[in-house]
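The values are calculated or read from the model by the stated rules, or taken from the named source; none is laboratory data. This is a predicted model, so every value here is computed, not measured. Heads up, the Cβs are rebuilt from the backbone with ideal geometry, glycines too, and the neighbour counts pull from every protein chain shown.
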Amino acid sequence: MAELMDGKALAKEVKRALKQEVAQLIEQGVTPGLAVVLVGEDPASAVYVRSKTRTCKRLGLAHFDHVLPAETGQAQLMALVDELNADTRVHGILVQLPLPNTIDEATVLERIDPRKDVDGFHPENLGRLMIGEPRFVPCTPAGVMRLLDAGNVDYVGKHAVVVGRSRIVGKPVAQLLLARHCTVTMAHSRTRDLDEVVRSADIVVAAVGRAELVKGDWIKPGAAVVDVGINRVGEKLVGDVAFEAAAERAALITPVPGGVGPMTIAMLMENTVSAAKLTLG
Ligand code: GUN
């Protein structure tokens, strides 16, 4: 039976340390500030945004919430980003995705000052990650790595299979595993013989957004399995991995919920504190 990688407990630890760091920064005259922009009424996004605000309050960060109607135009959103870029109280800017399809996501993300891009989605920050000089690492991938590190996972020369190729998770997490000297395979929903690919993985990161796509008998005995998926099936939340069966074979596995989810917000707070420190020079 696998050992659980407990994201809730690890996130708590990270936040405890951050709270002290925030207090020290405030003593030095800098209150780290996060601006969160939500366009429209996607219920899941609204839940995430509330949770980010709550965490800012708990840790002593300033937060600036901007909730805009779904009809907001691109120009109006760009003007808000410009305003936040110029606001010295704001160290981090997060525009909640997905945006309504009337707005071009890439154009908005590129408008964010890369030094305030605590999501790490700006092409400059993703490029820096790719060349091994990261500034802000996207929060979910950073949380995945923190969980694996805490589990003392051995990376060097190991085969890591990332299932999913999104800008938010799959692509950055593959770069981070590569930087730890894994041999990385980027698989996705169209990969041929996905089961066989996953069977050879010492580390599996599942981030495709398909309920229990990764079956228990695909897991190599002793593997470390990180499940980034959050899928609603009826009343239940399930991951991209069939948890019960996978846990029989894995050495380490994350639960859903309580695995990667709590780590994402902790990493966002960490990035915002780093952004505030950047302004101290
Ligand atoms: N939507 C889902 N995950 C994320 C995230 O990490 N950042 C933003 N901005 N939007 C998201």
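What pairs come up if the first residue lies in segment 119-139 and is modelled with pLDDT of 95 or more and among the β-branched types (Val, Ile, Thr), the second is part of a helix (DSSP H, G or I) and within 11 Å of the ligand (Cβ to nearest atom), and their beta carbons are under 7 Å apart, counting only those six or more places apart or on different chains?
These pairs meet every condition: Val137/Pro172.
Restricting to segment 139-155, and then to whatever is part of a loop (DSSP other than H, G, I, E, B), out of contact with any Lys or Arg (no Cβ under 8 Å at 6 or more places or on another chain) and not acidic (Asp, Glu), can you tell me which residue is surrounded by the fewest Cβ atoms within 10 Å (Cβ to Cβ)?
Ranking the qualifying residues of segment 139-155, first place goes to Asn152.
Inside segment 192-216, can you point out the residues that are in contact (Cβ under 8 Å) with a residue 24 or more places away in the chain, surrounded by fewer than 20 Cβ atoms within 10 Å (Cβ to Cβ) and outside any helix (DSSP H, G or I)?
Ser200, Asp202, Gly209, Arg210, Ala211, Lys215, listed by residue number.
For segment 92-111, name all the residues that are more than 10 Å from the ligand (Cβ to nearest atom) and either crowded, with 23+ Cβ neighbours inside 10 Å or aliphatic (A, V, I, L, M) (or both).
Matches in segment 92-111: Gly92, Ile103, Ala106, Val108.
Test each condition in (1) hydrophobic (A, V, I, L, M, F, W, C); (2) within 15 Å of the ligand (Cβ to nearest atom); (3) part of a helix (DSSP H, G or I) for Leu38 and report the one that comes out false.
(3)
Out of (1) in contact with a Leu (Cβ under 7 Å, 6 or more places away or on another chain); (2) within 13 Å of the ligand (Cβ to nearest atom); (3) polar (S, T, N, Q), the odd one out for Ser166 is which?
Result: Ser166 passes all but (1).
Which ones in segment 31-47 are surrounded by 19 or more Cβ atoms within 10 Å (Cβ to Cβ) and not small (Gly, Ala, Ser)?
Scanning segment 31-47 gives Pro32, Leu34, Val36, Val37, Leu38, Val39.
Please pick out the residue among Val228, Val241 that is under 20 Å from Asp195 (Cα atoms) and within 13 Å of the ligand (Cβ to nearest atom).
The conditions single out Val228.
Might you let me know whether segment 57-71 holds any residue that is under 17 Å from the mean Cα position of the chain (by Cα), farther than 14 Å from Glu270 by Cα, of a type outside the set (Phe, Trp, Tyr) and outside any helix (DSSP H, G or I)?
Checked segment 57-71: no residue is under 17 Å from the mean Cα position of the chain (by Cα), farther than 14 Å from Glu270 by Cα, of a type outside the set (Phe, Trp, Tyr) and outside any helix (DSSP H, G or I).
Counting just the residues of segment 75-91 that are in contact with a strand residue (DSSP E or B) (Cβ under 8 Å, 6 or more places away or on another chain) and not in a helix (DSSP H, G or I), which one comes out farthest from the ligand (Cβ to nearest atom)?
Selected residue: Arg89.
Using the structure shown, decide if Asp119 is within 22 Å of Ala179 (Cβ to Cβ), acidic (Asp, Glu) and either outside any loop (DSSP other than H, G, I, E, B) or within 15 Å of the ligand (Cβ to nearest atom) (or both). Don't jump to the end; show me each part of the working.
Working: within 22 Å of Ala179 (Cβ to Cβ): yes; acidic (Asp, Glu): yes; either outside any loop (DSSP other than H, G, I, E, B) or within 15 Å of the ligand (Cβ to nearest atom) (or both): yes.
So Asp119 passes the test.
Using beta carbons and a limit of 6 Å, which pairs, at least six apart or on different chains, have the first residue in segment 86-108 and without any contact (Cβ under 8 Å) to a residue 24 or more places away in the chain and the second one of a type in the set (A, V, I, L, M) and within 15 Å of the ligand (Cβ to nearest atom)?
Filtered contacts from segment 86-108: Glu105/Leu99.
Which fully enclosed strands (runs of 3 or more DSSP E) of segment 217-273 have 2 or more residues being buried (at least 24 other Cβ atoms within 10 Å of the Cβ) and within 16 Å of the chain's Cα centre (by Cα)?
It comes to 224-227.
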